[in-house]
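One structure, pasted below without further comment.
The values are calculated or read from the model by the stated rules, or taken from the named source; none is laboratory data. Keep in mind the model is a prediction, meaning the values are calculated, not measured. Positions of Cβ are generated from backbone atoms using ideal geometry, with glycine treated the same way; all protein chains shown enter the neighbour counts. When the accessible area is computed, the model is the full protein with side chains, heavy atoms only, and any ligands, DNA or RNA have been set aside. Shrake-Rupley method; radii C 1.70, N 1.55, O 1.52, S 1.80 Å.
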Amino acid sequence: MSESAAKVKGAPPVEVHDLTVSYQNKPVLWDVDFELPEGKLIAVVGPNGAGKSTLIKTIMGLIDPVSGHSLIYGRPLEQMRKKIAYVPQRETVDWNFPVSVFDVVLMGRYAHLSLFKRPKKHDKELAMEALEKVGMAEFADRQISQLSGGQQQRVFLARALAQDAEIYFMDEPFAGVDASTEDHILLLLKELRNHGRTVVVVHHDLQTVSGYFDWVMLLNLRLVALGPMETTFTKENLQKAYGGRLNILSQVIELSRKEDFIREPGHE
Amino acid sequence: MSTFWIILTACLASSACALVGSFLVLRKQAMLGDAISHAVLPGIAIAFLLTASRNTFPMLIGAGAFGLLTVYLTEKLQLRGRLMNDASMGIVFTTLFAIGVIIITMFASQVDLDQECILYGEIAYVPWDLWIFNGMNMGPRPVWILGFVLMLNLLFIVSCYKELKIYAFDRQLAVSMGIPIMLIHYGLMGSVSFSTIAAFESVGAILVVALIVVPPATAYLLTRRLSHLLMLAVFFGILSSISGYYLAYWTNSSIAGAIAVMTGVYFGLALFFSPVDGILAKKYRRKQNTGKGPYEGPGLELRTKQTINI
């Protein structure tokens, strides 16, 4: 594992240049180019198959792009791994795996431990702290198969907190969780942001985007728009991102929702 | 004395296999053990031809090389040929095994490799397969080889425990953290190859699969801790070895076969009587919560919430 290099002064936390990714010759992301601001809660929004998860996975080095590259604080990922944490979708792991809640959270510390090194007391304390933050301390010894969906998500979040990173990438942390967990997760995300961390979240629920996040990225194969919520989360942009992909039924649902929550400049 | 050596050999083989097999079972790649155990055959045959002896180390190297080749080719075929994992595995290991069979039959006159022995093993002859070192009788050769491989496996698991754990549980996270996952992956596959070749001389290429898969699967039903799972898997491997030997003695049948049958017997017992996952425990629990509905696990909530979202 490489030592963590210093940030390049003035460099944005995440920058992506001319990124193209394809699965078996079918492009999933096409020439995506952007920089993300520091210390913001940023939602990544777009229809199914728009490449949202792929974008995050490519930045995390889990998928090799066809072309283009991304930088973390102005440096290649390999030098900056300790500065970023990743929360995959909950379904990507086997929740019957024989580990306890505490074991999973402690894995967050592995990023800071070199090969052959075992977690120290300090790591265990940080893991326990993270569990307390997500309100799961009393579940520490529980086997993970006994958790509900919301609890699983909290455990994943605690693991990312234990990583003590500066940039957090989260793939649908609000998917399939109960209302109280959703509130709790949002509170934690805001706390991270208030501590100057950059939090990038793939989000599905268009109703809550403007209420939860500071910035929004609209994605559909290409980058449709990226910017502060007020100026970017507009009907025009949403139509560009979702436009042709919505079937009639979901269009009706979307429109009836949009009435309530989208700011439409000069149109009320 | 020969009883002691046979049982010791079986115990060492089943322990080595149970340790690496646990990780294969957890990664849902149990049948990779089957594939590797067959695909190493050409490696052994080539090593045998080149050195013209049943020297162990060339054989271990040959087996290791072909074991890793199996894993590599399976993954490449899956990626490039857009084939399913099990199909690519089936293609790779049968082809390699067949090549091994051809090599052995082609050079049958020069090769003192018995096909029966490779398929079924001959643990009963272990006490006479002695290692003579500097004219000194060191005891049966398989005991030394298996002991060496078991130590290697233990060393690997103890030193890379946290890496193996995260590799088996959440590969994506491990990669995102920069943990050298390919090293761990091929390290494990190398260990599986070594264990397989060391064990199959005694129990055969087919029954070695039983040792790799069944005791870890039995342990999986009984515990929810990785460290306990490893220990229980070894325990059931050893228990099957000892009881299998006496079953074979009593029925005057194949020792390797009896050991494999015993692994199945313990699995069956765990399936019914496990306090964690057993059929009886589940029935009992269901009876206890009849008022609360049949199932309140995590999956249900997830499904209902998602349908609402759509």
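So which helices (runs of 4 or more DSSP H) stay within the range B:1-114 end to end and still have 2 or more residues that are closer than 20 Å to B:A260 by Cβ?
Qualifying helices (runs of 4 or more DSSP H): B:2-26, B:31-39, B:85-106.
Consider B:D129 carefully, then state whether it is charged (D, E, K, R) and modelled with pLDDT of 90 or more.
no
Restricting attention to the range A:97-122, report how many residues are more than 10 Å from every other protein chain (Cβ to nearest Cβ) and surrounded by 19 or more Cβ atoms within 10 Å (Cβ to Cβ).
3
For the range B:253-299, what are the residues that are at pLDDT below 90 and within 30 Å of B:L8 (Cβ to Cβ)?
Those that are at pLDDT below 90 and within 30 Å of B:L8 (Cβ to Cβ): B:S253, B:S254, B:I255, B:A256, B:G257, B:F273, B:S274.
Now a separate question. List the strands (runs of 3 or more DSSP E) that sit entirely inside the range A:1-96 and contain at least 2 residues that are within 21 Å of B:I179 (Cα to Cα), within 10 Å of chain B (Cβ to nearest Cβ) and within 16 Å of the chain's Cα centre (by Cα).
Counting at least 2 such residues, we get A:84-87.
Confirm whether A:E138 is among the charged types (D, E, K, R), within 19 Å of A:I84 (Cβ to Cβ) and open to solvent by 30 Å² or more (accessible area, probe 1.4 Å).
So A:E138 fails the test.
In addition: Among the residues of the range B:37-53, which ones are farther than 22 Å from B:R141 by Cβ and either open to solvent by less than 20 Å² (accessible area, probe 1.4 Å) or charged (D, E, K, R) (or both)?
Listed by number, the residues that qualify are B:A39, B:P42.
For the range B:224-276, give me each residue that is within 21 Å of B:V20 (Cα to Cα), β-branched (V, I, T) and crowded, with 19+ Cβ neighbours inside 10 Å.
B:V234, B:I259, B:V261, B:T263
When the residues of the range A:185-213 are narrowed to those that are open to solvent by 40 Å² or more (accessible area, probe 1.4 Å) and not in a helix (DSSP H, G or I), which ends up farthest from A:P65 (Cα to Cα)?
A:H195
Now a separate question. So is B:A217 over 25 Å from A:Y110 (Cα atoms), more than 10 Å from chain A (Cβ to nearest Cβ), of a type in the set (G, A, S) and open to solvent by 10 Å² or more (accessible area, probe 1.4 Å) or not?
Criteria met by B:A217.
Say we look at the range A:160-184 and pick out the residues that are at the interface with chain B (Cβ under 8 Å from one of its Cβ atoms) and either among the charged types (D, E, K, R) or open to solvent by 10 Å² or more (accessible area, probe 1.4 Å) (or both); which of these is nearest to B:V276 (Cα to Cα)?
If we take residues in the range A:160-184 being at the interface with chain B (Cβ under 8 Å from one of its Cβ atoms) and either among the charged types (D, E, K, R) or open to solvent by 10 Å² or more (accessible area, probe 1.4 Å) (or both), then A:D178 is nearest to B:V276 (Cα to Cα).
Taking A:L157 as meeting all but one of (1) at the interface with chain B (Cβ under 10 Å from one of its Cβ atoms); (2) part of a helix (DSSP H, G or I), write down the number of the exception.
(1) is the only condition that A:L157 fails.
So that you can scan it fast, the table gives a plain yes or no per residue for (1) more than 14 Å from chain A (Cβ to nearest Cβ); (2) surrounded by fewer than 21 Cβ atoms within 10 Å (Cβ to Cβ); (3) within 29 Å of A:P88 (Cα to Cα):
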| site | (1), (2), (3) |
| --- | --- |
| B:P140 | yes, no, no |
| B:I145 | yes, no, no |
| B:L152 | yes, yes, no |
| B:Y161 | no, yes, yes |
| B:A174 | no, no, yes |
| B:I184 | no, no, yes |
| B:I197 | yes, no, no |
| B:F200 | yes, no, no |
| B:G204 | yes, no, no |
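Just the residues that are open to solvent by less than 10 Å² (accessible area, probe 1.4 Å) and free of Cβ contacts under 8 Å to residues at least 60 places away in the same chain, please, taken from the range B:71-91.
Listed by number, the residues that qualify are B:T74, B:S88.
Here is a list of conditions, (1) open to solvent by 60 Å² or more (accessible area, probe 1.4 Å); (2) in contact (Cβ under 8 Å) with a residue 60 or more places away in the chain; (3) within 19 Å of A:F169 (Cα to Cα), and A:E35 meets all of them except one; can you say which number that is?
(2)
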